[in-house]
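For reference, the structure discussed in these notes is given below.
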Protein chains: 2
Amino acid sequence: MDPLRIGIAGLGTVAQGLLEILHANSSEITRRAGRSLSVVRVASRSPKPSVDLGTADFSTDLSTLHDADIDVVVELIGGEDTALQLVRDAMAHKQSVVTANKAIIARHGNELVADAGREGVMLGFEAAVAGGVPIVNALTRGMVGNRVQWIAGIINGTSNYILTAMADHGSTFAAALQEAQGLGYAEADPAFDVEGVDAAHKLTILAALAFDTDFRFDAVYTEGITHITTEDIEYARELGYAIKHLGIARSSQDGIEARVHPCLIPRNCMLANVDDVMNAVLVHADAAGPTLYYGAGAGARPTASAVIADLVAMARGDAVDFKVGGADHGALNMEQVETAYYLRVPSLDEPGVFARVATILSEHAISIEGAIQRERAVHVDTSASWVPIIILTHRVREHVMTSALKAVQALPEIVGEIMRIRVEQLD
Amino acid sequence: MDPLRIGIAGLGTVAQGLLEILHANSSEITRRAGRSLSVVRVASRSPKPSVDLGTADFSTDLSTLHDADIDVVVELIGGEDTALQLVRDAMAHKQSVVTANKAIIARHGNELVADAGREGVMLGFEAAVAGGVPIVNALTRGMVGNRVQWIAGIINGTSNYILTAMADHGSTFAAALQEAQGLGYAEADPAFDVEGVDAAHKLTILAALAFDTDFRFDAVYTEGITHITTEDIEYARELGYAIKHLGIARSSQDGIEARVHPCLIPRNCMLANVDDVMNAVLVHADAAGPTLYYGAGAGARPTASAVIADLVAMARGDAVDFKVGGADHGALNMEQVETAYYLRVPSLDEPGVFARVATILSEHAISIEGAIQRERAVHVDTSASWVPIIILTHRVREHVMTSALKAVQALPEIVGEIMRIRVEQLD
């Protein structure tokens, strides 16, 4: 059978990893695909670094990737505008596309999936979510007989590294971020990771695949980890929880909820043990029950592994024809989402404060599941005469909690901003 | 497109779960498969229980499944001889086959894969390993660009349940087994599970897929968990380890090693946190690095989920054409396998015993990584004047350890049988 002829856009670390692995494992890949995967051309707007391209041409003109001798364009240039145009152009030229670009799939996935269908080409984006973890494959093939009820994932390695360092070494957020930057895990501008935007892109993709819905990046509630303190991590631990930055999507009668935020989860659950830069996605489905997929969420070689999975599926002619948008589900506003809460309420060290807080919660029909109130505060500035009241609540809708906390915050005994972190049992 | 016409052999709990889910999720499955999955006939040698078969016929004659109106036979009768004959007959009738039967794939997989290729039909056995965990899919598609270096899995839920109960509640093996039997997790004759045969079947399949080799059930070293004591679990915990029953397969220059046995693994690794009846497989591959797949290893609905994944792949015409046997790897004898060891040496409570044991290990070039020696024994019969010496060694070949332990066992101060459990760092 003729080789699958590949053009690669970009020649950064992922592209170099891809070339390396396609070369190193070529006999295995050819045998499994039933034909060889041949890189015909690499195009990058920057001058070619000293990288061995084997028999491939090099061009600084991306448009040469649309020549008729290329079947599949692999988009690894990143960014948004140029990458999107390249993908559109490829499909217009009847070329299939593999991309690791979560932003363009999350923001333009509906259009691109429709384009692929119309042009009769294949679109693969296994590499766009959780790096080397074959989660797109798991959702679209492994779970194909299931209705997925919810998914919860640690899908940003940088944030997970920072939270792990804070939990394991008591580092502050700032120190842990600096450490991550020193190790190359975080960009100089880390906002994209620590504010949750990157995770929201990935959650958009996971939710679309899990629930056969449109890609709805605009509907994802997004909250980062910059406000998490070591104090909260310590209290959470005392209560039997770890704090992780999760992407959660759930399908219910009310609609689809999709949210990225820090979250207390039981310390003995699998996700709580996913540390450092590792990623994992827990999928709760009606037939299979809970399944979890864990691995490296980034890096040149894991990403290349995912790209090759898509390329081999295309070589075999059996890439999944995504069924996103097949079902009509509304997006659920965050105000309507129901979760449990961890609250840290900085209050004057006076009798009766806890009772007043509890009364307000009770008036809003919010039940308290547990609390920590110290005789003497351990984690606070010792010169102050205030203590944190720590409360775990039962599940309640977000807008109810917001109203209740507004009332609590207005109490004269409350001396600082209340911290709230959502809690999920993941069962 | 015409429906995929399915015949089901067997009407036990898995078959009933399959019928239930095919019915409940039929609109999703049809949309994703691009055609409907229609159960034409159910055949079971036992009389039909009161189960709703929808539009399907029922027959007590298994041979009616080979009629021309059936495209795929789903083998869910279990056992070996009749099931194997049914699968052979189906393929001879140009029918594709889906089976949850690990024994026939492990023992006859080479023949059956070859038959499928010759007859031009598809063979699916996702359900044969780790129930609802789509591990066959992950290995044959997700990891298709990788060379897998090794895999390690908790692939028998009964054994894992027993070891979890022993670790969490201090139950003895016998009590934990009884508990598992009471909950329906273990058969009246539990040997198949607790002696490791079931895990060896699954490991045979995983190894064949991971390394593109033949199914070599005969080459799997198999050791159960019946000799594990709570004492060993306690010592392991003290050393920072959990004891799990693992299936491990590794590819090296020396050949393929495949072994099922209890194993100390670091308590903070993902596999150590896989508890109760859950299964998980850790795959270490050259491009993706470590990935892990976790979920329910048994049960009607998870197994049905896996069966449907195969059926949908067949409906789409893209079931994987297994490449097992593609590479020529020798099987490595257990004597040549290298692992670290935990040793519990019951010895007289006299000075110098530890030194004598250490000297013998040293003479065999076995390095000690750690040890526990108590002033006063905690876990032993208090009327005895002996103590256990606990030793962790560095990696050494099995036959070297066997020789060394023979010499240690012959020391006059050693008053009971030495316990050895292999140790893996899984990194």
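The values are calculated or read from the model by the stated rules, or taken from the named source; none is laboratory data. As the structure is a computational prediction, the values presented were derived from the model and not from experiment. A quick note on method: Cβ atoms are made from the backbone with ideal geometry, for glycine too, and the neighbour counts reach across all protein chains shown.
Tell me yes or no: at least one residue of the stretch B:370-387 is in a loop (DSSP other than H, G, I, E, B), within 11 Å of chain A (Cβ to nearest Cβ) and either crowded, with 20+ Cβ neighbours inside 10 Å or modelled with pLDDT under 95 (or both).
no
In the stretch A:308-343, how many residues are facing chain B (nearest Cβ under 8 Å), closer than 21 Å to A:F215 by Cα and under 22 Å from the mean Cα position of the chain (by Cα)?
1
Could you list, ordered by first residue, the pairs with Cβ atoms under 6 Å in which the first is in the stretch A:170-182 and part of a loop (DSSP other than H, G, I, E, B) and the second is of a type in the set (G, A, S) and crowded, with 18+ Cβ neighbours inside 10 Å, at least 6 apart or interchain?
Close Cβ pairs satisfying both conditions: A:S171/A:A165.
Kindly indicate which of B:T226, B:T204 is assigned by TED's automatic domain parsing to the domain that holds B:R250 and either touching a strand residue (DSSP E or B) at 6+ places or on another chain (Cβ under 6 Å) or assigned to a helix (DSSP H, G or I) (or both).
B:T204
So, in the stretch A:157-186, how many residues would count as being of a type in the set (D, E, K, R) and out of contact with any helix residue (DSSP H, G or I) (no Cβ under 7 Å at 6 or more places or on another chain)?
Of the residues in that region, 1 qualify.
crowded, with 24+ Cβ neighbours inside 10 Å, over 22 Å from A:A236 (Cβ atoms) and either touching a strand residue (DSSP E or B) at 6+ places or on another chain (Cβ under 8 Å) or modelled with pLDDT of 95 or more (or both): does that describe A:L139?
Spelling it out, A:L139 is indeed crowded, with 24+ Cβ neighbours inside 10 Å, over 22 Å from A:A236 (Cβ atoms) and either touching a strand residue (DSSP E or B) at 6+ places or on another chain (Cβ under 8 Å) or modelled with pLDDT of 95 or more (or both).
Looking only at residues in the stretch B:218-249 that are out of contact with any Leu (no Cβ under 8 Å at 6 or more places or on another chain) and under 16 Å from B:E424 (Cβ atoms), which one is surrounded by the fewest Cβ atoms within 10 Å (Cβ to Cβ)?
Among residues in the stretch B:218-249 that are out of contact with any Leu (no Cβ under 8 Å at 6 or more places or on another chain) and under 16 Å from B:E424 (Cβ atoms), the one surrounded by the fewest Cβ atoms within 10 Å (Cβ to Cβ) is B:G240.
Please count how many residues of the stretch B:250-267 are more than 22 Å from B:V220 (Cβ to Cβ) and either assigned to a strand (DSSP E or B) or without any contact (Cβ under 8 Å) to a residue 12 or more places away in the chain (or both).
Within the stretch B:250-267, residues that are more than 22 Å from B:V220 (Cβ to Cβ) and either assigned to a strand (DSSP E or B) or without any contact (Cβ under 8 Å) to a residue 12 or more places away in the chain (or both) number 1.
Out of all the residues in the stretch B:28-64, which are more than 9 Å from every other protein chain (Cβ to nearest Cβ) and without any contact (Cβ under 8 Å) to a residue 12 or more places away in the chain?
B:T30, B:S50, listed by residue number.
Could you grab me the full set of residues in the stretch B:140-169 that are touching a Leu at 6+ places or on another chain (Cβ under 8 Å) and in a strand (DSSP E or B)?
Of everything in the stretch B:140-169, those that are touching a Leu at 6+ places or on another chain (Cβ under 8 Å) and in a strand (DSSP E or B) turn out to be B:V148, B:I151, B:A152, B:G153, B:I154.
Looking only at the stretch B:286-304, filter to residues that are over 19 Å from B:E126 (Cβ atoms) and within 7 Å of another protein chain (Cβ to nearest Cβ); which one of those is nearest to the chain's Cα centre (by Cα)?
Among those residues, the one meeting the criterion is B:P290.
Which one is nearest to the other protein chains (Cβ to nearest Cβ), of the residues in the stretch A:122-137 that are assigned to a helix (DSSP H, G or I) and farther than 16 Å from B:D318 by Cβ?
A:I135
Quick test for you: out of B:V98, B:V113, B:V121, pick the one residue that is in contact (Cβ under 8 Å) with a residue 12 or more places away in the chain, β-branched (V, I, T) and buried (at least 24 other Cβ atoms within 10 Å of the Cβ).
None of the others qualify; the one that does is B:V98.
Just the residues that are surrounded by fewer than 14 Cβ atoms within 10 Å (Cβ to Cβ) and either of a type in the set (D, E) or in contact with a strand residue (DSSP E or B) (Cβ under 8 Å, 6 or more places away or on another chain) (or both), please, taken from the stretch A:34-56.
A:K48, A:D52, A:G54, A:T55
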